[in-house]
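For reference, the structure is listed below as structure tokens.
No lab work stands behind these numbers, since they all come straight from the coordinates. Please read these numbers as outputs of a predicted model, since none were measured by experiment. For neighbour counting, all protein chains shown are included, and Cβ atoms are generated from backbone atoms with ideal geometry for every residue, glycine included.
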Amino acid sequence: MIDTILGRKIGMTQLFNEDGSVTPVSVIEAGPCIVTQLKSVETDGYTAVQVGFGTIRPKHLNKPMLGHFRGGLKSSKHPNVAPCKKLREVRTEDVTEYAVGQSISVAEVLEVDDLVKVSGTSKGKGFAGVVKRYHFHGGDQTHGSMVHRKPQSSGATDAARTFKGTRKPGHMGARTVTVRGLRVVRIDPDQNLLLLQGAVPGANGSLVTITRI
């Protein structure tokens, strides 16, 4: 089976162990994912499985995407697939064991105590200064100081320009972040819930990609 599944971050909670210690866990609604397309070397130059997660009303899709879920032309041999909100490709060496329309659950991909990496879009913080963005110390917080939270020095003065990579105020967050080495604590196949030890990137309700490592 493939080693990746899509999910929706629900939030964080904690589990109490037998010795009384507490384990912080992230709760993820992982799957079920629907196989929407199979990529092969003959047609695409590589092998992969395209999976979809979440539901969306057909009226919110354009005609090319509707045709994609409906197998393209009327003469297509692919069965109709319910429209999915999110699509991702998962590389695999063999796609013969999959079929379009097949459902993949979290219990088929992961097991308890597996180590995974989770990718998601971090929370957007908007335009931020260097103290918040890069944890600059800032200037003196005393009377008369004019540089409390300013960037201050910009580097060399004889270049007449700012060098690339200089840490400056700017847009913060809203980037793809990957956290590695999270352990699977519990799996609830009935409710499609996955509990991972630690925090995962993104806001509650955002899409995350879980891959076994």
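Note on A203 and D158: with the Förster distance fixed at 30 Å, the Cβ-Cβ geometry gives a FRET efficiency of about 0.10. Straight-line cross-link partners of K117 among the lysines, defined as a Cα under 20 Å from its Cα and at least 8 positions apart when in the same chain: K9, K86. Helices in the chain, meaning DSSP H runs of at least 4 residues, each add -39500 (n - 2.57). Divided by all residues, the mean residue ellipticity at 222 nm is -2000 deg cm²/dmol. Let me know the shape class of region 129-172, please: from the alpha-carbon gyration tensor, a ≥ b ≥ c as square roots of the eigenvalues, rounded when a/c is under 1.5, otherwise prolate if a/b is greater than b/c, or oblate. Cα axes put region 129-172 in the oblate bin. Between R212 and D94, the contour length at 0.36 nm per residue exceeds the alpha carbon distance by 40.7 nm. Amide H to amide H distances under 5 Å link K85 with F53, G54, T55, I56, where only residues 5 or more positions off or on other chains count and H is placed in the peptide plane.
Please identify the trypsin sites (Lys or Arg not before Pro) of region 13-94 that satisfy two criteria: DSSP loop assignment and at most 15 other Cβ atoms within 10 Å. Which are they? Don't jump to the answer; show the numbers that get you there.
Details: sites: K39, K59, R70, K74, K77, K85, K86, R88, R91; in loops: R70, K74, K77.
Answer in residue order: K74, K77.
Would you mind ranking H143, H137 by Cβ crowding within 10 Å, fewest neighbours first? Each step should come with its number before you reach the end.
Details: H143 5, H137 8.
Lowest count first: H143, H137.
In this Cβ point-charge picture (+1 for Lys and Arg, -1 for Asp and Glu), region 129-172 has a dipole of about 260 debye about its Cα centre. Extension gain for the segment T142 to A174, taken as residue separation times 0.36 nm less the Cα-Cα distance, is 8.1 nm to one decimal.
Let a ≥ b ≥ c be the square roots of the eigenvalues of the Cα gyration tensor of region 20-66; is it rounded (a/c under 1.5), or, if not, prolate (a/b larger than b/c) or oblate? Oblate is the answer for region 20-66, as a/c is 1.5 or above yet b/c matches or exceeds a/b. Here the gap between T23 and R57, fully extended at 0.36 nm per residue and compared with their Cα-Cα distance, gives a gain of 8.4 nm. Counted by neighbouring Cβ atoms within 10 Å, the residues F69, F16 run from fewest to most as F16, F69.
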